[in-house]
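> Let me begin by handing over the structure; questions about it come next.
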C-alpha cells in the first residue's frame, strides 16, 4: 500500500515540475562584452637553435599582439605585449638581451597599419617591471621617432600616468578609443605594474603572476599588491591573465629548471582570475610569513 501511494504522489507531482523546468530561459553568452581573441595551441620555442624569427609574433586579435622571445636567445623566453588604440600603441616590455625587439614591434605596427588604411600611431613603451629580461631592448627605442619610452621606475610611472599616491592609486590611460588601467603591484620588483585592457578584459601581470616561479622580494608589498589586484578585478570581466613567462609544465606541480631553453610540454600562457584568488588566499593564510609553496600552476617563491 505504501509503495502504491508513493507512486501516486510522484505521478501527480512530476507533471507540475516539468513545465517549471522547461520555462527557464538561459541567456545566450555575449563574450562578456569584450573583444575576443585567439591563442595558439603551443608557444614552444627553442627546439632547434639557432631559431628564426627570434621573436614570434601572434595577433591575439586585430588590435592586440603577443610576442614571445626565443629560448635560443635567452632562457627567460619573455612575453611582450603590443596593444593598439586609435592614437597610440602600447608596448609592454622590451625583452631580454639578444633580440631585435624594435624590428619585431615595428613590423607588427606596419602590419596593423596596412590593415587600417595606412593609419599610423605613436608608440608608447612601458614595462611590467625593471628587471633585465624586460628592459634589455630599451636602447632600441630611446631615440626612435614618434616614440615615448617610460622608464621602469616608480617616479617615471607616477609622472606619466599621473599617479599621486604610489602604490595605492590606480591610473588609467586612453590610447584612443581604448582605455587601459595601470595598477601598481610592487613586491616582485619596486616598479612592478599590472595593466588591465578594458577592450579585451585581459589583465597583464608581468612576473607577479604567471605559470611558473613567482619570485617575491618584498613579502608584505607583494601580498598587498595581490590583494589590490583582487579588489580591482572584483566585478570586472577577466578574460585572461597573461604573465611574462612560462616556467611550469602542463603536468600539475611541475616546473622546468631555471636555464631551460626548450620546454617541450610547457603550461599554457593564460591563467584566470581564479588563479589570482588562489594566490591571494595562500598569501593571506601565510599571514606575513611568506614561505615557498608549490601550487598546481605556479610556485610561491620568496627570495
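> Tell me whether the range 124-140 contains one or more residues that are surrounded by fewer than 19 Cβ atoms within 10 Å (Cβ to Cβ), at pLDDT 95 or above, touching a strand residue (DSSP E or B) at 6+ places or on another chain (Cβ under 9 Å) and under 16 Å from residue 176 (Cβ atoms).
Checked the range 124-140: no residue is surrounded by fewer than 19 Cβ atoms within 10 Å (Cβ to Cβ), at pLDDT 95 or above, touching a strand residue (DSSP E or B) at 6+ places or on another chain (Cβ under 9 Å) and under 16 Å from residue 176 (Cβ atoms).
> Now for a separate question. What is the number of the single condition among (1) part of a helix (DSSP H, G or I); (2) surrounded by fewer than 18 Cβ atoms within 10 Å (Cβ to Cβ); (3) in contact (Cβ under 8 Å) with a residue 24 or more places away in the chain that residue 226 does not meet?
(2)
> I need a count of the residues in the range 167-184 that are in a loop (DSSP other than H, G, I, E, B) and surrounded by 17 or more Cβ atoms within 10 Å (Cβ to Cβ). Walk me through how you get there before you give the answer.
Step one: list which residues in the range 167-184 are in a loop (DSSP other than H, G, I, E, B), which gives 167-170, 175-178.
Those left that are additionally surrounded by 17 or more Cβ atoms within 10 Å (Cβ to Cβ): 167, 170, 175, 178.
Count: 4.
> May I pose another question? Does the range 229-257 hold any residues that are in contact (Cβ under 8 Å) with a residue 60 or more places away in the chain and out of contact with any strand residue (DSSP E or B) (no Cβ under 8 Å at 6 or more places or on another chain), and which are they?
237
> Please find, among 247, 258, 266, the residue that is closer than 19 Å to residue 71 by Cα, at pLDDT 95 or above and surrounded by fewer than 17 Cβ atoms within 10 Å (Cβ to Cβ). Step through it out loud before you land on a result.
Details: 247 fails: surrounded by fewer than 17 Cβ atoms within 10 Å (Cβ to Cβ); 266 fails: surrounded by fewer than 17 Cβ atoms within 10 Å (Cβ to Cβ).
Among 247, 258, 266, only 258 is closer than 19 Å to residue 71 by Cα, at pLDDT 95 or above and surrounded by fewer than 17 Cβ atoms within 10 Å (Cβ to Cβ).
> Residues of the range 60-79 being in a strand (DSSP E or B), touching a residue at least 40 places away in the same chain (Cβ under 8 Å) and buried (at least 16 other Cβ atoms within 10 Å of the Cβ), which ones?
60, 64, 65, 66, 67, 79
The values are calculated or read from the model by the stated rules, or taken from the named source; none is laboratory data. No experiment lies behind these values; they were computed from the predicted model shown. Note that each Cβ is placed from the backbone with ideal geometry, even for glycine, and that neighbours are counted across all protein chains shown.
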